[in-house]
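What follows is a short report on a single structure.
The values are calculated or read from the model by the stated rules, or taken from the named source; none is laboratory data. The shown structure was predicted, so the numbers you read here are calculated from the model rather than taken from an experiment. Methodologically, a virtual Cβ is constructed for each residue, glycine included, from the backbone with ideal geometry; neighbour enumeration extends over all protein chains shown. Ligands, DNA and RNA are stripped out before the accessible areas are found, and what is left, the full protein with its side chains, is counted by its heavy atoms. Shrake-Rupley method; radii C 1.70, N 1.55, O 1.52, S 1.80 Å.
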Amino acid sequence: ESLSVLGGKPSEDGKFFLHLSEINVATKQEKIIWKIPQELTQFGGGIVWAKDKSGIFLTLGEELASYKQIWFVSYPDGAVRQITKNFNNYGRLSLSADGKNLVSVQQDFNSNVWVLNIDKPLEAAKITNGKFEGLGLSWTPDN
């Protein structure tokens, strides 16, 4: 009996990579079945085997990307195919009992800029309105 495990390790060049391993329960020996391309290092929390065991659906993102997309990695060859390609962020995954429907949690994050007087925090004013409108900021030196 063996377990399939998604894990991550540094490669010989020191870069991080995700991989699928098979672990023999009796011997506790791990065998890496395939590596996911190094640019896909951000795991979005979703993973589910296809009903026919032909591969795994995963939510992955590129190293510097904000959005996690749905990918399919075929088994056992490890060919990677992107299923979604949009500005949504996908999290958890589940497969229907008949294996014909895949469902995901779409995560939507908002980030806006607000200004407030420290002495009157309840009077905060929102000055942007949209997705990712403020990921970092600082007052200019001349205020």
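Accessible area per residue for the range 51-143 is 74 Å², calculated with a 1.4 Å probe on protein heavy atoms, without ligands, DNA or RNA.
Computed from the Cβ-Cβ distance with R0 of 25 Å, the FRET efficiency linking A50 to K28 stands at 0.40. With r defined as the distance between the Cβ atoms of R92 and V113 and R0 fixed at 22 Å, what FRET efficiency is calculated, to the nearest 0.05? It comes out at approximately 0.15. For the range 11-53, what does the alpha-carbon gyration tensor say about shape, rounded, prolate or oblate, given a ≥ b ≥ c as the root eigenvalues, a/c under 1.5 as rounded, and a/b over b/c as prolate? Oblate, since a/c reaches 1.5 and b/c is not below a/b. Our Cα-only numbers for the range 22-104 put the radius of gyration and Dmax at 13.5, 44 Å.
Calculated on the Cα set of the range 68-143, radius of gyration then Dmax: 20.6, 63 Å. Couplings for the range 85-93, taken from phi via the Karplus curve 6.51 cos²θ - 1.76 cosθ + 1.60 with θ = phi - 60°, read 8, 7, 9, 8, 10, 9, x, 4, 10 Hz in order; Gly and Pro are left as x. Judged by the mean number of other Cβ atoms found within 10 Å, the most tightly packed of the peptides 44-52, 111-119, 68-76 leads the ranking 68-76, 44-52, 111-119. Placing +1 on the Cβ of every Lys and Arg and -1 on the Cβ of every Asp and Glu, with nothing else charged, gives the chain a dipole about its Cα centre of roughly 400 debye.
Other residues within the sphere of radius under 14 Å centred on the Cβ of G91, judged by their own Cβ, net out at +1 (K and R +1, D and E -1). Across the chain the C-alpha pair distances fall into 10 Å bins from zero in the proportions 10, 30, 26, 16, 11, 6, 1 percent.
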